[in-house]
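In what follows, a single structure is set out as structure tokens and then discussed.
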Amino acid sequence: MTSQKYLSELFSLEGRVAVVTGGSSGIGRGITEALARAGASVVVVARREAELARTVGELEAAGCRAAWVSADLGTSEGVRVAGDEAAAAFGEPDILVNCAGVNLRPPMSELDEDVWDTTMTVNLKAPYLLGRRYGPGMAGRGFGRIIHITSQQAHRAFVQSGAYGVSKGALESLARSQAEAWSPHGVTCNTLVPGFVMTPLNQRLSSDPERVAALAARTMVGRNGLAEDFAGAAVFLASAASSYVTGQSLFVDGGFSVH
Ligand SMILES: NC(=O)c1ccc[n+]([C@@H]2O[C@H](COP(=O)([O-])OP(=O)(O)OC[C@H]3O[C@@H](n4cnc5c(N)ncnc54)[C@H](OP(=O)(O)O)[C@@H]3O)[C@@H](O)[C@H]2O)c1
């Protein structure tokens, strides 16, 4: 068997359909491009239409198949609409990546119910609802991949983890519960755990050069993360290659968590 054919059997996403929430920016944008270039037809879900259209336009210009759905994952109705409209683009998905997230982290004493509810809805409830929307179908067809994006704060308190850390810790538990339910039917459920990646999400921290340098120094690789650092791990977790990997948290953090 040639190396090209062997690699394709392991990693090609040709013929697969993927839905990536938050795929119009940052880490999700990097994952969207990776899945599309590996052969998947990708539907990107977020709120802002201009960013969505730009993302899909760039992918199509590179010869990829992509579509977008504008929806607010901060409401159950928005998630329902997103779930149905995303499946209408290329058919029911084989791969779901839950990357949309919000990072509202007031000091614990000032953390009010609004911040708590928004955080839990976007970061945790939407992934649960989308899993419920697509997971049983994946299980029925005998193949599926669910990938959640969590955080260092799922594992340790760090720069005012607040409700954000709670939502990400629960998201890792959700991955394990989903893995327990659907892995016997070919649906693996895992999480990718970033370190610090300079994106619009953490603009406040990114604009402080000293803190950025201090965070880079805490890694083993010696730099902070880039969106493209997630490409290989995302394709692996979305592909046939990872069929015996489920319920796991894969740290893509340059060694940050073990330093
Ligand atoms: N950057 C880091 O250092 C870091 C570290 C650990 C974990 N993470 C996690 O990685 C994921 C991606 O973060 P990022 O840094 O790449 O952030 P980002 O660049 O700000 O991207 C966030 C994405 O989520 C979408 N989104 C946010 N709220 C939404 C809503 N209510 N409905 C629909 N879409 C929504 C955004 O699009 P719209 O605004 O247009 O809706 C955007 O596409 C998040 O889950 C985050 O918690 C990031």
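The values are calculated or read from the model by the stated rules, or taken from the named source; none is laboratory data. Since this is a predicted model, take the numbers as computed values, not measurements. Note that we place each Cβ from the backbone using ideal geometry, even for glycine, and neighbour counts take in every protein chain shown.
Kindly indicate whether Ala38 is among the small types (Gly, Ala, Ser), surrounded by 21 or more Cβ atoms within 10 Å (Cβ to Cβ) and within 25 Å of Asp229 (Cα to Cα).
Considered against the rule, which asks whether it is among the small types (Gly, Ala, Ser), surrounded by 21 or more Cβ atoms within 10 Å (Cβ to Cβ) and within 25 Å of Asp229 (Cα to Cα), Ala38 comes out as yes.
Output the residue which, of all residues in the stretch 69-81 that are touching a residue at least 40 places away in the same chain (Cβ under 8 Å) and away from the ligand (no atom under 11 Å from the Cβ), is surrounded by the fewest Cβ atoms within 10 Å (Cβ to Cβ).
Ser76
Of Val197, Val187, which residue is more than 22 Å from Ala40 (Cα to Cα), surrounded by 15 or more Cβ atoms within 10 Å (Cβ to Cβ) and modelled with pLDDT of 95 or more?
Numbers: Val187 fails: more than 22 Å from Ala40 (Cα to Cα).
Criteria check complete, one pass: Val197.
Which residue pairs have Cβ atoms under 6 Å apart, sit 6 or more places apart or on different chains, and have a first residue in the stretch 220-234 that is assigned to a helix (DSSP H, G or I) and a second that is more than 12 Å from the ligand (Cβ to nearest atom)?
Cβ pairs passing all conditions: Ala231/Ala34; Ala233/Leu250; Ala234/Ala34.
Could you list, in sequence order, all residues of the stretch 85-108 that are surrounded by fewer than 18 Cβ atoms within 10 Å (Cβ to Cβ), in contact (Cβ under 8 Å) with a residue 40 or more places away in the chain and not aliphatic (A, V, I, L, M)?
Gly91, Glu92, Pro106, Pro107
Please determine whether any residue of the stretch 163-180 is outside any helix (DSSP H, G or I), over 17 Å from Cys99 (Cα atoms) and touching a strand residue (DSSP E or B) at 6+ places or on another chain (Cβ under 9 Å).
no
Among the residues of the stretch 84-111, count how many are touching a strand residue (DSSP E or B) at 6+ places or on another chain (Cβ under 8 Å) and either within 15 Å of the ligand (Cβ to nearest atom) or over 28 Å from Ala241 (Cα atoms) (or both).
Counting residues in the stretch 84-111 that are touching a strand residue (DSSP E or B) at 6+ places or on another chain (Cβ under 8 Å) and either within 15 Å of the ligand (Cβ to nearest atom) or over 28 Å from Ala241 (Cα atoms) (or both) gives 8.
Would you mind telling me which numbered condition in (1) closer than 23 Å to Ser109 by Cα; (2) loosely packed, with under 15 Cβ neighbours inside 10 Å Glu180 fails?
Of the numbered conditions (1) closer than 23 Å to Ser109 by Cα; (2) loosely packed, with under 15 Cβ neighbours inside 10 Å, the odd one out for Glu180 is (1).
Filter the stretch 53-68 down to the residues that are within 12 Å of the ligand (Cβ to nearest atom) and surrounded by 22 or more Cβ atoms within 10 Å (Cβ to Cβ) and list them by number. Walk me through how you get there before you give the answer.
Let us first name the residues in the stretch 53-68 that are within 12 Å of the ligand (Cβ to nearest atom), namely 53-55, 68.
Residues satisfying the conditions are Thr55, Trp68.
Any idea which residue in the stretch 217-243 is nearest to the ligand (Cβ to nearest atom), counting only those that are surrounded by fewer than 18 Cβ atoms within 10 Å (Cβ to Cβ) and aliphatic (A, V, I, L, M)?
Residue satisfying both the conditions and the ranking: Leu226.
Starting from the stretch 2-24, keep only residues that are in a helix (DSSP H, G or I), then list their pairs with residues that are surrounded by fewer than 24 Cβ atoms within 10 Å (Cβ to Cβ) whose Cβ atoms are within a distance under 6 Å, requiring at least 6 positions of separation or different chains.
As it stands, the answer is Leu10/Ala241; Phe11/Val235; Phe11/Ser239; Phe11/Ala241, since those pairs meet every condition given.
Scanning for something among the charged types (D, E, K, R), within 14 Å of the ligand (Cβ to nearest atom) and either under 16 Å from the mean Cα position of the chain (by Cα) or crowded, with 20+ Cβ neighbours inside 10 Å (or both), does the stretch 161-173 turn up at least one residue?
If we filter the stretch 161-173 for residues that are among the charged types (D, E, K, R), which is where we start, we get 168, 172.
Pick out the ones that are also within 14 Å of the ligand (Cβ to nearest atom) and you get 168, 172.
Subsequent filtering for residues that are either under 16 Å from the mean Cα position of the chain (by Cα) or crowded, with 20+ Cβ neighbours inside 10 Å (or both) retains 168, 172.
Scanning the stretch 161-173 turns up at least one residue that is among the charged types (D, E, K, R), within 14 Å of the ligand (Cβ to nearest atom) and either under 16 Å from the mean Cα position of the chain (by Cα) or crowded, with 20+ Cβ neighbours inside 10 Å (or both).
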